[in-house]
Amino acid sequence: MKSFFTTLLLLLLTEFSYGQYTEVINSRRPGFSGTPYSVGTKVYQVEAGLFYKNIGNYLYYDPIQKQTISYSGSSFGSDITFRTGQFFEQLEFSLDMALVGENRDYTRPATINKSAFGFSKLTIGAKYLVYKPEYADKSKEIRSWKARHSFDKRRLIPAVGVYAGLNTNLLTELHKNPEGMSPRFGIYTQNDLSNRLIVLFNLIADKVFTEEFESTYILTVTYALHQNWSIFGENQGFFRKNVPNDFQFGAGGAYLISPNMQADLSARMIFDERGDNTYIIGGGLSWRIDNHQDKIIVNEVDNNEDFMPKEKKSFFNTITFGLFAGKKSSNSGKMREVKTSKVKTRDLNAPVNKKAQKARKKENDRLMKEQKKKEKAQKKYNKKLEND
């Protein structure tokens with residue numbers, strides 16, 4: 001069996017479609033950023049985990065109550081994401097939700113305790129791949145070692161996807177938006193700087209058109225240590241109208257259990273100007289039901305048809321955390337050469353050669369006469385035997 005990374009490099013450097021499907025699971029966990037690529041058509045994927053969050057000195061201004069509110073607290077819960085690709089490879093639908101039990105100790109405007117259990121997030125959305133770059137196939141460069149291993153500057157051009165979603169308001173009283181449902185928009189980019197190193201960058205506008213509007217950036221860097229292990233580092237910034245800015249830093253790793261299952265662990269810390277010491281730890285699993293079917297691309301050349309199945313993508317190319325999978329890197333899959341041969345064909349609409357047609361008829365008549373003579377001679381011989 002050939003080296004994994006040699007095979008992986010070939011898959012990453014050649015492509016012929018906008019396919020999103022990967023032979024191994026393409027999970028967003030444990031990072032928070034999103035990849036521009038989808039999981040692939042007829043793939044049904046669940047990404048779920050448990051987390052514990054310790055909330056420090058959270059301070060914000062409530063424009064409805066017109067007063068400053070401050071609290072600390074803790075929560076334990078599960079975040080769950082359902083993802084599926086439908087209709088075509090570039091399109092993905094998702095359902096993001098978090099089910100938590102949270103306890104808060106308020107110190108402003110009054111000392112009071114509140115708790116709740118239920119959804120803290122419930123968002124439905126769709127993502128579409130707008131642009132995917134193509135990289136040079138350096139595996140064919142045999143004249144120069146330097147050229148074969150030099151950095152392809154086209155890798156600095158990212159793949160780009162767009163996201164649109166709707167934040168429902170079926171949440172607990174602690175998390176409900178007083179203004180009701182709100183839209184969420186995002187731009188996702190991904191750079192495959194090498195077959196092991198991937199950079200994701202997201203710009204997100206959340207709770208748009210409400211007083212709780214929030215703009216966010218997420219920068220995630222993932223690195224594949226081994227064909228089954230990957231690590232990541234992440235920085236996220238939150239910018240809100242009535243809340244001091246937050247800056248979150250996280251790190252973690254994931255392990256590929258099987259082509260359709262991945263496990264992960266992560267930890268995060270939030271720093272801000274109000275002295276918040278919030279931290280989050282969590283872990284989870286991602287698994288999928290893979291009903292994806294390869295498409296056949298038909299190219300007609302000289303009245304011959306070459307049939308080539310769509311290649312499945314490789315495995316390191318994260319998605320949010322980039323761990324195992326992501327996209328079939330910009331250039332994945334090598335086209336299998338198919339030998340073809342030309343077959344002589346007769347044009348049924350060509351003018352009839354009457355001379356040749358007459359000759360064929362004459363020959364057929366001669367053969368029929370000979371056959372009749374043989375049959376007559378056989379009957380005569382059989383009759384003579386009977387008389388004797």
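Quick look at the numbers
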quantity	calculated
Ordering of 201-208, 26-33 by burial proxy (mean other Cβ atoms within 10 Å per residue, highest first)	26-33, 201-208
Förster radius 45 Å - calculated FRET efficiency between residue 179 and residue 44, Cβ distance, rounded to 0.05	0.85
Proportion of all alpha-carbon pairs of region 4-309 beyond 30 Å (%)	38 percent
Pairwise Lys count, region 37-182 - Cα closer than 18 Å, eight or more residues apart or different chains	10
For region 112-126, Karplus couplings with θ = phi - 60° (6.51, -1.76, 1.60), whole Hz, Gly/Pro x	7, 10, 9, 9, 7, 9, x, 7, 9, 8, 7, 10, 10, x, 9
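Every read-out reported here was derived from the displayed coordinates using simple, explicitly stated rules and does not represent laboratory data. Given the structure is predicted, the values throughout are model-derived calculations rather than measurements. Note that we place each Cβ from the backbone using ideal geometry, even for glycine, and neighbour counts take in every protein chain shown.
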